[in-house]
Amino acid sequence: MKPAEETLSAAETNRYSRHLLLPEIGLVGQQKLKAARVLVVGCGGLGCPVLQYLAAAGVGTLGLLDFDTVDDSNLQRQVLYATTDVGRPKAVVAAEKLHAQNPFIELRTHQVHLTAANALELFADYDLVVDCSDNFATRYLVNDACVILGKPLVFGAIFKFEGQVSVFNYQNGPTYRCLHPTPPAPGEAPSCAEIGVLGVLPGLVGTLQATEALKIILGIGEVLSGRLLLVDALGMRFQPIRFRAVTANQQFTALAADYAAFCGETPSADGAAQAPEISAEELKTWQHSGRPLQLLDVREPHEYAQYHIGGRLIPLGELPDNLAKIRVDVPVVVHCASGRRSQQAAALLLAHGCVTVYSLRNGLADY
Amino acid sequence: MSLKVSLFGITRDIVGTSVIELPAPAPATVGELLAEMRKQYPALGELRSCAVAVNNEYASLDQPLHTVDEIALIPPVAGG
C-alpha cells in the first residue's frame, strides 16, 4: 500500500465517522483506505457488491474493468444496474452509480478485454486486485499477472448455490495455481449462463471479498490467505479448507501467450483445427440464398426457448454423443450466444470429419 | 469402516446429492477413494481438475483415510 498521506475533509470525516470510531480503523485506517488503489476485474454479479462496499468504505481509487454491456438477464443479481441501463456499458453505468454514492473517490473505467497483452500494464497502477471475472482463462491470467507484479489478489467465484473465496499471493502466500494447478476441460465446469445461479449468491460471496480487501488495506484481522472458504448457501455452511504454497507457482516471470488456449476454451494453433468465423450479415445472406446449410444451435434448451433463429438445438455438452446427426458433406454454421461455445463445437465437428464448418462470430449477440 | 464424502460444485450434480457414504470395505487412500467413486460415477472420471480435502486440508493422492475423516471433493468454479 502507498503511505497514508491523505487527509480527510470535514465532509469525509462525517461520512466515515462509523469507521473513525473503530480503534482498528480510526483516522489512520481511513487514510489508508483513501490512499488505496483497487482494481475490480469484472463488474457483474460479484463485482457489483465488491464495488459498492469498497466505494462506500472510501477506497480512494477504484478501477472498474469490464467490456460488457448490461443485459436483461443480469438484473436478477447485478444490483448496480437498473432496467433502464440495459444495453449500456457496465463499467460506465457502475461508475455513475458509485460516484453518486460517494463523490469523494476516484473511479477509473477500463472498457477492455483483459488479455496477456494488457494485463501487466493495467494492474501496475493498482495496489490490490479483486477477481470478479466469470471464466477460467481470465482467472489464470489475473493470478499470473498478480504473481508477476507482487500484488495481493482477492478471489471469489460462484456456482449455482455455492461459492469459493480466498486471498492469493498475500505476503508470499499460495496462489490460484496452488489451489487448482490444472484448468478444467471446457464444459467441465458450466457457467452461470449455462446452469443458473441464485441471485443473492454473488452478494454473499462478493461482500466476503470486499471484507478481505478492506482487511488487507487496513492491515487488520486474519487475512483469508492459505485458506479456501467454501460457501454453501443451501446448507448455509461456511467451511475453510487449508492449502499450501507450491514454490514454482510463486515464481512466474512472464505471462502465458494465450490463456483461452491454456484453458482449452478455443482450439490452439497447434491443437485441434479452428473453424473460420462467419458474420451475422454473411449468415443472413446465406439463409436467404437457399444454398444448402445445416444451422446448429449449441446453447442450452432454456436459452433456445427464449429466442432462436431456427437452428437445430444440440447443447454443446451433448454434441459428442450426437455427431451422427450432423451430415459431414453439407456445410455447417454453428452458433451459441456469444461465439465461445460455438468455437468448441466447431472444433468437434471438424474432428468429426465435417468438410465445411463456420462459427457465428459473437453468436446471437450480433445476429 | 465406511466413509462420508461431501460434494461440491459439479460433483454434487453428477452424484445427485451433497453427501454420500461409501460402505465398507472403504478405500484406504485418497487415490483409492477417487478410483472407487469414478467406478460408480463415470462422469467424475472426466473431471480434469478436482481437489480433495481431508479434515479441512488439501490432501495428496497417497494420503491414508480413516472412518472419522471429513472428506470433500472440491472442483474449481469460475462463475462471477
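The values are calculated or read from the model by the stated rules, or taken from the named source; none is laboratory data. These figures come from a predicted structure and were not determined experimentally. No Cβ is skipped: glycine too gets one built from the backbone with ideal geometry, and neighbour counts run over all protein chains shown.
Quick check: is even one residue across the stretch A:341-351 among the charged types (D, E, K, R) and buried (at least 20 other Cβ atoms within 10 Å of the Cβ)?
yes
So the check is Cβ under 6 Å with 6+ separation or different chains; which pairs have a first residue in the stretch A:276-292 that's under 14 Å from A:Asp366 (Cα atoms) and a second one that's at pLDDT below 85 and among the acidic types (Asp, Glu)?
A:Ala280/A:Asp366
Specify which of the listed residues (A:Val154, A:Val147, A:Val200) is closer than 25 Å to B:Ile14 by Cα, in contact (Cβ under 8 Å) with a residue 24 or more places away in the chain and not acidic (Asp, Glu).
A:Val200
Examine the stretch A:182-203 for a residue that is surrounded by 24 or more Cβ atoms within 10 Å (Cβ to Cβ), in contact with a Leu (Cβ under 6 Å, 6 or more places away or on another chain) and either within 11 Å of another protein chain (Cβ to nearest Cβ) or part of a loop (DSSP other than H, G, I, E, B) (or both), and state whether such a residue exists.
So far as the stretch A:182-203 goes, yes, one or more of its residues are surrounded by 24 or more Cβ atoms within 10 Å (Cβ to Cβ), in contact with a Leu (Cβ under 6 Å, 6 or more places away or on another chain) and either within 11 Å of another protein chain (Cβ to nearest Cβ) or part of a loop (DSSP other than H, G, I, E, B) (or both).
Name every residue in the stretch B:32-60 that is in contact with a Leu (Cβ under 9 Å, 6 or more places away or on another chain), more than 13 Å from every other protein chain (Cβ to nearest Cβ) and either surrounded by 14 or more Cβ atoms within 10 Å (Cβ to Cβ) or closer than 30 Å to A:Ser133 by Cβ (or both), in order of residue number.
B:Glu32, B:Leu33, B:Leu34, B:Glu36, B:Met37, B:Arg38
Being at pLDDT 90 or above, in contact with a Cys (Cβ under 6 Å, 6 or more places away or on another chain) and either more than 10 Å from every other protein chain (Cβ to nearest Cβ) or surrounded by 18 or more Cβ atoms within 10 Å (Cβ to Cβ) (or both) is the requirement here; does B:Pro75 meet it?
It is true that B:Pro75 is at pLDDT 90 or above, in contact with a Cys (Cβ under 6 Å, 6 or more places away or on another chain) and either more than 10 Å from every other protein chain (Cβ to nearest Cβ) or surrounded by 18 or more Cβ atoms within 10 Å (Cβ to Cβ) (or both).
Considering only residues of the stretch A:233-265 that are among the β-branched types (Val, Ile, Thr) and out of contact with any Lys or Arg (no Cβ under 8 Å at 6 or more places or on another chain), which is modelled with the lowest pLDDT?
A:Thr253
Which one is nearest to B:Asp69 (Cα to Cα) among residues in the stretch B:1-31 that are without any contact (Cβ under 8 Å) to a residue 24 or more places away in the chain, among the charged types (D, E, K, R) and surrounded by fewer than 18 Cβ atoms within 10 Å (Cβ to Cβ)?
Filtering the stretch B:1-31 for residues that are without any contact (Cβ under 8 Å) to a residue 24 or more places away in the chain, among the charged types (D, E, K, R) and surrounded by fewer than 18 Cβ atoms within 10 Å (Cβ to Cβ), the one nearest to B:Asp69 (Cα to Cα) comes out as B:Glu21.
Within the stretch A:35-54, which residues are buried (at least 24 other Cβ atoms within 10 Å of the Cβ) and free of Cβ contacts under 8 Å to residues at least 60 places away in the same chain?
A:Leu51
Any residue at all in the stretch B:15-31 that is of a type in the set (Asp, Glu) and outside any strand (DSSP E or B)?
Among the residues of the stretch B:15-31, not one is of a type in the set (Asp, Glu) and outside any strand (DSSP E or B), which makes the answer no.
Which residues, counting only those in the stretch A:234-261, are among the small types (Gly, Ala, Ser) and within 12 Å of chain B (Cβ to nearest Cβ)?
Residues satisfying the conditions are A:Gly235, A:Ala245.
Scan the stretch A:215-234 residue by residue and report those that are touching a Phe, Trp or Tyr at 6+ places or on another chain (Cβ under 9 Å) and exposed (fewer than 14 other Cβ atoms within 10 Å of the Cβ).
A:Leu234, the sole residue that qualifies.
I need the full set of residues from the stretch A:218-238 which are over 18 Å from A:Leu179 (Cα atoms), touching a Gly at 6+ places or on another chain (Cβ under 9 Å) and hydrophobic (A, V, I, L, M, F, W, C), in order please.
A:Leu218, A:Ile220, A:Ala233
Would you mind stating whether B:Ala24 is more than 11 Å from chain A (Cβ to nearest Cβ), among the hydrophobic types (A, V, I, L, M, F, W, C) and within 11 Å of the chain's Cα centre (by Cα)?
no
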